[in-house]
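The values are calculated or read from the model by the stated rules, or taken from the named source; none is laboratory data. What you see is a predicted model, and the numbers here were worked out from it, not measured in a lab. Cβ: placed from backbone, ideal geometry, glycine included. Neighbour counts: every protein chain shown. Heavy atoms of the whole protein, side chains included, go into the accessibility calculation; ligands, DNA and RNA do not. Shrake-Rupley method; radii C 1.70, N 1.55, O 1.52, S 1.80 Å.
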Amino acid sequence: MREFDGTDGNNGTNGADGAAGADGVGIDSTTDNGDGTFTISYTDGTSFTTPDFTGPQGAQGIAGTDGANGADGATGADGVGIDSTTDNGDGTFTISYTDGTSFTTPDFTGPQGAQGIAGTDGTNGTNGAAGADGVGIDSTTDNGDGTFTISYTDGTSFTTPDFTGPQGAQGIAGTDGTNGTNGAAGADGVGIDSTTDNGDGTFTILYTDGTSFTTPDFTGPQGAQGIAGTDGTDGTNGADGAAGADGVGIDSTTNNGDGTFTISYTDGTSFTTPDFTGPQGAQGIQGLAGPAGPQGPAGTDGVVNPEDLTAGDTSITVTNGTGATLVDANVKVTDGGITTIKLADGAVATAKIEDGAVTAPKLSAGAGDNGRVGVADDLGAITYQNIDDLIDEPWRNTDDTPATDSSTNINYMGGDIGIGTNDPTERLDIGTGNLRVRDINTLAGVSTDKIVVADTDGVLKTVDNIAPKFFYMPAVIFETTTTGAGLSRNLYEDYNKQFTGQQFDVAHGATGSSMTYKGGLVGSTGAPTAMDVYADTELYYYISYYDQSVFANVSISDSGVLTYDIISSATPTAYMNIIFVIK
């Protein structure tokens, strides 16, 4: 609430008491319009907006002499008064009226005044306890590549990023200095003593100090064939050459009688040809029949009173033999006439059996199962038995019948199996070669699977899969001196190039990549020139920690590309922990 004090006027004379006035109109509410004016709402429903009360503060007027008290007027109706005023602590005040309403003033805080005169210094306080020693800098090393290594007194160290700034613009050329005095004459240089064309595209340079150097082959690629030149005129015939030495001639040729010939040469050597005998010619035409020869002498007389030929036990049948002794007679063995008992031991030999004479219809094994075979005992007697009863086939079907070419789900019931060896020591023993499982790469493993290993004898065994399934990404540098958003870095490519010894940029940041490494991969004696690497699809990529005061919006793609923002420069303790997990 503001007060406006004018200059006090002269005291007037006291007037007579007036008549009692009507009840006054009270203030219902007051509203600050925020522009220096106030709107006062009265109890009779009317309102009044003041002019802008914001004016310069007037000088304080001289206090006037108190006038004499006038006579009390008649008591008017109670108006709305101020019940309380509360300082809100922010430059405003809340005025509570007697009718229960309230009004909060605007901020009455004026502008800050001029600084007051300095007060007298207070007495010094007692010294506090000594603080613990801080970590100081023990040494700073210039690494020669724009970075510095700071060694602290507690034994730790920190290597800064590359502080080398971009090259500045070339300065204005200075005024040429005066010529210096001539230096002492230098020692004679090494000159070229001679140059020799080695005839193979290289040259050997001999220097004046006795050393030499052979150049690489300077022969360029053959040029395209030039245009044929005009034929030259024929030259004159040359003189006849000297007579050549006599050639070796044939002295004699001898037929060796076996289709070969031996050729003897005039120089004493000889040569025998291969067999010149050609293949046998076709048979010649049949010659003419010769004349009939003279009649031979008379034969001896035949048998007197010939008898019929029969067999007493009917084992042999004779036809057309009545009154004859084997004259145009037919003799055959009666069916069933020859039995085992009538054959002497060893009488029926292979040489005595005509090819094709023993046919299936002439053999009988009697009734029985199909597929039986003949088996001879120790006395030579033959019986017919089922082959399954004779051979213990180790390859069996699941119903324990012998396996066939069309069998599935075959079980081996025997002992050890050897492939390429006659002395298997395991259930499956491969003597030479290797083992192949065609579909093994299509079968997905699980975390509880074991690893197959081989001992020094080649016997396969399993061991627990205790190999780590993850590894930490090789160290790289993030250049954070410049902030930036939406930056990316291929973590897989950094890992791949480091493990295979390729050139790569160690540092990345908002201004691009820098600090190119060209040193390759340094291995121990006998180590391969590169390490095996996983494909980007064989890995999962994780970040287990990053400094959130330096990096933000961090994410990784399934191929190992990191996306991130740099929001501030890193401190010596800032880092990011990146882990590769093998699928």
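Data table
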quantity	calculated
Looking only at region 200-242, and only at residues there that are open to solvent by 70 Å² or more (accessible area, probe 1.4 Å) and small (Gly, Ala, Ser), the one that is modelled with the lowest pLDDT	Ala228
Candidate set: region 75-88, residues that are open to solvent by 70 Å² or more (accessible area, probe 1.4 Å) and in a loop (DSSP other than H, G, I, E, B); chosen: the one modelled with the highest pLDDT	Asp78
Residues located in region 263-272, provided they are closer than 16 Å to Val248 by Cα and β-branched (Val, Ile, Thr)	Ile263, Thr266, Thr269
Exclusive hit being open to solvent by less than 70 Å² (accessible area, probe 1.4 Å) and modelled with pLDDT of 65 or more, set Gly91, Gly113	Gly91
Some residue of region 143-150 being modelled with pLDDT of 75 or more, assigned to a strand (DSSP E or B), surrounded by 12 or more Cβ atoms within 10 Å (Cβ to Cβ) and not β-branched (Val, Ile, Thr)	yes
Only one of Val446, Val452 that is closer than 25 Å to Ile582 by Cβ and in a strand (DSSP E or B)	Val452
Residues being under 26 Å from Thr160 (Cα atoms) and either in a loop (DSSP other than H, G, I, E, B) or acidic (Asp, Glu) (or both) - total across region 542-574	13
From Ala324, Ala311, residue being in contact with a Pro (Cβ under 8 Å, 6 or more places away or on another chain), more than 30 Å from Thr401 (Cβ to Cβ), among the aliphatic types (A, V, I, L, M) and at pLDDT below 75	Ala324
Scope region 514-547; condition among the polar types (S, T, N, Q) and either surrounded by 10 or more Cβ atoms within 10 Å (Cβ to Cβ) or touching a residue at least 60 places away in the same chain (Cβ under 8 Å) (or both); matching residues	Ser514, Thr516, Thr537
All positions within region 135-149 that are closer than 17 Å to Glu479 by Cβ and among the hydrophobic types (A, V, I, L, M, F, W, C)	Phe148
Single unsatisfied condition, Asn577 versus (1) surrounded by 14 or more Cβ atoms within 10 Å (Cβ to Cβ); (2) under 25 Å from the mean Cα position of the chain (by Cα); (3) under 23 Å from Thr160 (Cβ atoms)	(1)
Search result, residues across region 553-574 that are surrounded by 14 or more Cβ atoms within 10 Å (Cβ to Cβ) and free of Cβ contacts under 8 Å to residues at least 40 places away in the same chain	Ser557
Strands (runs of 3 or more DSSP E) lying entirely in region 369-429 (those with 1 or more residues that are closer than 30 Å to Asp455 by Cβ and modelled with pLDDT of 75 or more)	417-419
Test: residue in region 477-486 that is modelled with pLDDT of 80 or more, surrounded by fewer than 11 Cβ atoms within 10 Å (Cβ to Cβ) and not in a loop (DSSP other than H, G, I, E, B)	yes
Members of region 400-428 that are open to solvent by less than 40 Å² (accessible area, probe 1.4 Å) and farther than 22 Å from Leu460 by Cβ	Ala403, Ser407
Lone unmet requirement of (1) under 22 Å from Phe580 (Cα atoms); (2) at pLDDT below 85; (3) small (Gly, Ala, Ser) for Ala507	(2)
Residue count for region 369-389, restricted to those that are among the small types (Gly, Ala, Ser), open to solvent by less than 60 Å² (accessible area, probe 1.4 Å) and under 20 Å from Thr340 (Cβ atoms)	3
